[in-house]
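Read the structure below first, then the notes.
The values are calculated or read from the model by the stated rules, or taken from the named source; none is laboratory data. Keep in mind that what you see is a predicted model, and the values were worked out from it rather than measured. Glycine gets a Cβ as well: all are built from the backbone with ideal geometry, and neighbour counts include every protein chain shown.
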Amino acid sequence: MKIPEPKYKKIIDFPNDVEIIEHMWIPLSDGTKLSAKIWMPSCAKKSKVPAILEFIPYRKTDVTAYRDSINHGYFAGHGHAAIRVDLRGSGSSEGILKDEYLETELNDAVEIINWIASQHWSNGSVGMMGKSWGGFNALQVAAKKPNALKAIIAVSASDDRYSTDVHFMGGCMLCDNLSWAAEMFAFNACPPDPKHLGDKWKEIWLERLNQNKPWLKYWIENSYRNDYWKHGSVCEAYENIDIPVFVISGWADGYTSTVFKLVKNLKSPCYGLIGPWGHNYPHMGIPGPAMGFLQESLMWWDHWLKGKKTSFSNFPKLRVWLHDTVSPSFTVEKKPGRWVAVNSWPNENIENNYYSLKDLGHTKSTKIHQLSSPLSVGLFSGKWCSFSSTPDLPLDQREEDGGALVFETSPLKSDCKILGQPRVKLRLRTKQKQGQVIARLSDVLPNGEVRRVSYGMLNLCHRESDEFPSEIPSDEFIEVEIKLNHVAQNFAAGNAIRVSLSTSYWPIAWPSPEDFSCEIDQDNCYFRLPEIKSDISYSEELSTPVGAKPLEKETIQPQDYKWQVLRDLGQDISKLKVVKDEGEYMLKKVGMRVKRRSEEIYSYQHNDYNSLKGTVKSERHFSRPNDDWNIKIKAQTVLRADKKYFYIDSDLDAYHNSRRCFSHSWSYNVLREYL
């Protein structure tokens, strides 16, 4: 299937003409040179201008070139120099990229900011922005307090690398840990552009290939909150950020909690925005409605980098999209709802109300419920971090609830609006040492359809601490709390609210070492809803999405996305197959032809926990047809486990002009520590 392209108004006429410098070296103190692309406004010839930096590893020459032209061309057209730099060891930059957010990366960013501020055209004020990786490092660099950095915009970012990223959730290991590690394994094998590096490109590429390793090993080895994850987690010292922050996410994204935590904890000016979209920039947001992110960003930069008076300071501190009831269908391009706003967080208009599970309807009229779920619970859950570029949003939860313990209210007599973080408190007992419990909050429509609103999970070994996990006490009741993802939802009158509990959620999270069973004491179990007491509507409509005219991109092979649940009843094998084929396209101005494809398969047999397997295959193709230069990268990572170990097997092959020039395999056994 093909995902609809984001719709935005293309702006052609700007106050400034823009000169694009495709490649400029930025020298670092250790001798390494980083490759930058610069959009320079014509007004810089007469007066000094501020600059906006985006610093990410995703290849400015080709992979992000289309998006960059839309974003950075817009800022430059309005009088800001826009600078897009490839991280050390990525794209056309020198060096080796060894892991996420290392101190080297952050120090490099500080040097880049100092370099920008020292340029003859610079007014000495620098902003930093980015989505995902670029949002993460914008926050982390802000905490290092470089003098020239005046403000940041962080989209889909995290303040806590352990608990709010692709790796772990509630102490459970996410399968995005595997898929993202596999994606970066392929990215790190890509070559620099010979157009920028000359004859040196192959030497640098072979060094990258030889230094490349599967990061998945590091991420599983550090299975609980330790110094590895504390590094780069700005929640360790919010006070280190003393510049203005605009933080943004989407409800289908995995990073919404960051918005609430930063608005709550930062002492510097902080504004939050959450829309209905997934892991996208807001002006390219799917599901919609998208919004005018670039216009608001321009107001932000004009205010903090140019000292102009703009209306941004009049905006509420937190604006969010409040979902209305909708069918649980991926095909909804625009979610029904409305914008609401509050001027502080926490907010006095939000009241936490508790509901006992014993007061909700259940098919069994018993105090103690046995909970043990099949591995099939989770096959229709979507992805932890939705890009909305495959059908990766959760489907009708009736597919999941057959293997769950379900509690449901009677049809509501009036609307129930919530904004914040729902929680579920459980009293449970088990004889096993390890296990996990997942809680889902759903909106039940009158026709019986069930849409997941939020969910959370808890590795019971992390019930007291992510930093100091411990075994579950045997055969005694314990009280635990599951924190669900933040959400804004209107449960309409006539609908019902459902809480579903399960002991697995594969393949969003890797299950416990063995089939887990526990007893739930419903008389001492509750769920908490953050209910809106009075109307908090935001009367202003957010602006329409716009962007600069993008690079010309010729489609050679269209996109093809698949999300398939495959059941072999004869052999009792269940698989989830996800295909994200970005197709093939030609960037005419750049002269680069690009093709990318990834495939994920998650499987198990006979509800056997030792049969669980995740496989991710990635291919990358880059070519310059006019220069007889053709590159192909093939990477595969397989993850399996038994009760004691995780087993990682990775393979990498690289081809230059159809001839294989590199091939290597890696195998690791990683001890399961409370996972």
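For first residues located in region 310-321 and part of a helix (DSSP H, G or I), partners that are buried (at least 21 other Cβ atoms within 10 Å of the Cβ) and lie 6+ apart or on another chain with Cβ distances below 8 Å form the pairs 312/271; 312/296; 312/300. For region 442-453, a residue qualifies if it is of a type outside the set (Asp, Glu) and crowded, with 21+ Cβ neighbours inside 10 Å, and the qualifying residues are 442, 444, 450, 451, 452, 453. Inside region 518-555, residues that are more than 30 Å from residue 486 (Cβ to Cβ), free of Cβ contacts under 8 Å to residues at least 60 places away in the same chain and either surrounded by 12 or more Cβ atoms within 10 Å (Cβ to Cβ) or of a type in the set (Gly, Ala, Ser) (or both) make up a count of 1. If you go through region 428-441 and pick out every residue that is surrounded by fewer than 19 Cβ atoms within 10 Å (Cβ to Cβ) and within 15 Å of residue 499 (Cα to Cα), you end up with 0. Is it the case that residue 497 is buried (at least 21 other Cβ atoms within 10 Å of the Cβ), more than 26 Å from the chain's Cα centre (by Cα) and more than 30 Å from residue 592 (Cα to Cα)? Against the criterion (buried (at least 21 other Cβ atoms within 10 Å of the Cβ), more than 26 Å from the chain's Cα centre (by Cα) and more than 30 Å from residue 592 (Cα to Cα)), residue 497 qualifies.
The set of residues in region 652-675 being within 16 Å of residue 613 (Cα to Cα) and part of a strand (DSSP E or B) consists of 667, 668, 669, 670.
The set of residues in region 249-265 being buried (at least 23 other Cβ atoms within 10 Å of the Cβ) and touching a helix residue (DSSP H, G or I) at 6+ places or on another chain (Cβ under 6 Å) consists of 249 alone. Filtering region 100-116 to residues that are closer than 28 Å to residue 79 by Cβ and touching a Leu at 6+ places or on another chain (Cβ under 9 Å) leaves 108, 109, 110, 111, 112, 113, 115, 116. Entry remark, region 568-578: residues being surrounded by fewer than 18 Cβ atoms within 10 Å (Cβ to Cβ) and closer than 20 Å to residue 393 by Cα number 1 in total. Listed by first and then second residue, the pairs linking a residue in region 619-634 that is in contact (Cβ under 8 Å) with a residue 60 or more places away in the chain to a residue that is of a type outside the set (Asp, Glu) and part of a helix (DSSP H, G or I), with Cβ atoms under 7 Å apart and 6 or more places separating them unless they lie on different chains, are 620/186; 629/194; 633/186.
Taking first residues from region 41-64 that are farther than 15 Å from residue 20 by Cβ and partners that are among the basic types (Lys, Arg) and in a loop (DSSP other than H, G, I, E, B), the Cβ contacts under 7 Å between residues at least 6 apart in sequence or on separate chains come to 50/306. Answer yes or no: is there a residue in region 627-643 that is farther than 21 Å from residue 600 by Cα, among the small types (Gly, Ala, Ser) and surrounded by 14 or more Cβ atoms within 10 Å (Cβ to Cβ). Scanning region 627-643, I find no residue that is farther than 21 Å from residue 600 by Cα, among the small types (Gly, Ala, Ser) and surrounded by 14 or more Cβ atoms within 10 Å (Cβ to Cβ), so the answer is no. Scan region 584-608 residue by residue and report those that are of a type in the set (Val, Ile, Thr), under 23 Å from residue 184 (Cα atoms) and either in contact (Cβ under 8 Å) with a residue 40 or more places away in the chain or in contact with a Pro (Cβ under 6 Å, 6 or more places away or on another chain) (or both). Once the filter is applied, which keeps residues that are of a type in the set (Val, Ile, Thr), under 23 Å from residue 184 (Cα atoms) and either in contact (Cβ under 8 Å) with a residue 40 or more places away in the chain or in contact with a Pro (Cβ under 6 Å, 6 or more places away or on another chain) (or both), region 584-608 yields only 594. Taken together, the residues in region 239-256 that are more than 14 Å from residue 160 (Cβ to Cβ) and aromatic (Phe, Trp, Tyr) amount to 2.
Within the option set 2, 9, 98, being out of contact with any strand residue (DSSP E or B) (no Cβ under 7 Å at 6 or more places or on another chain) and modelled with pLDDT under 95 holds for one residue only, 2. Residue 230 satisfies every condition listed in (1) surrounded by fewer than 21 Cβ atoms within 10 Å (Cβ to Cβ); (2) of a type outside the set (A, V, I, L, M, F, W, C); (3) out of contact with any helix residue (DSSP H, G or I) (no Cβ under 7 Å at 6 or more places or on another chain) except (3). A single entry from 202, 213 fulfils the requirement of being surrounded by fewer than 22 Cβ atoms within 10 Å (Cβ to Cβ), outside any loop (DSSP other than H, G, I, E, B), of a type in the set (Lys, Arg) and not assigned by TED's automatic domain parsing to the domain that holds residue 290: 202. Just for region 548-582: of the residues that are among the acidic types (Asp, Glu) and not in a strand (DSSP E or B), which one is nearest to residue 72 (Cα to Cα)? The extreme case among them is 552. The residue of region 357-393 that is surrounded by the fewest Cβ atoms within 10 Å (Cβ to Cβ), among those that are charged (D, E, K, R) and either outside any helix (DSSP H, G or I) or at pLDDT 90 or above (or both), is 364. Scanning region 457-481 for residues that are within 20 Å of residue 356 (Cα to Cα) and surrounded by fewer than 21 Cβ atoms within 10 Å (Cβ to Cβ) turns up 477, 478, 479, 480, 481.
Listed by position, the strands (runs of 3 or more DSSP E) enclosed by region 14-64 that each have at least 2 residues that are among the β-branched types (Val, Ile, Thr) are 18-27, 49-56.
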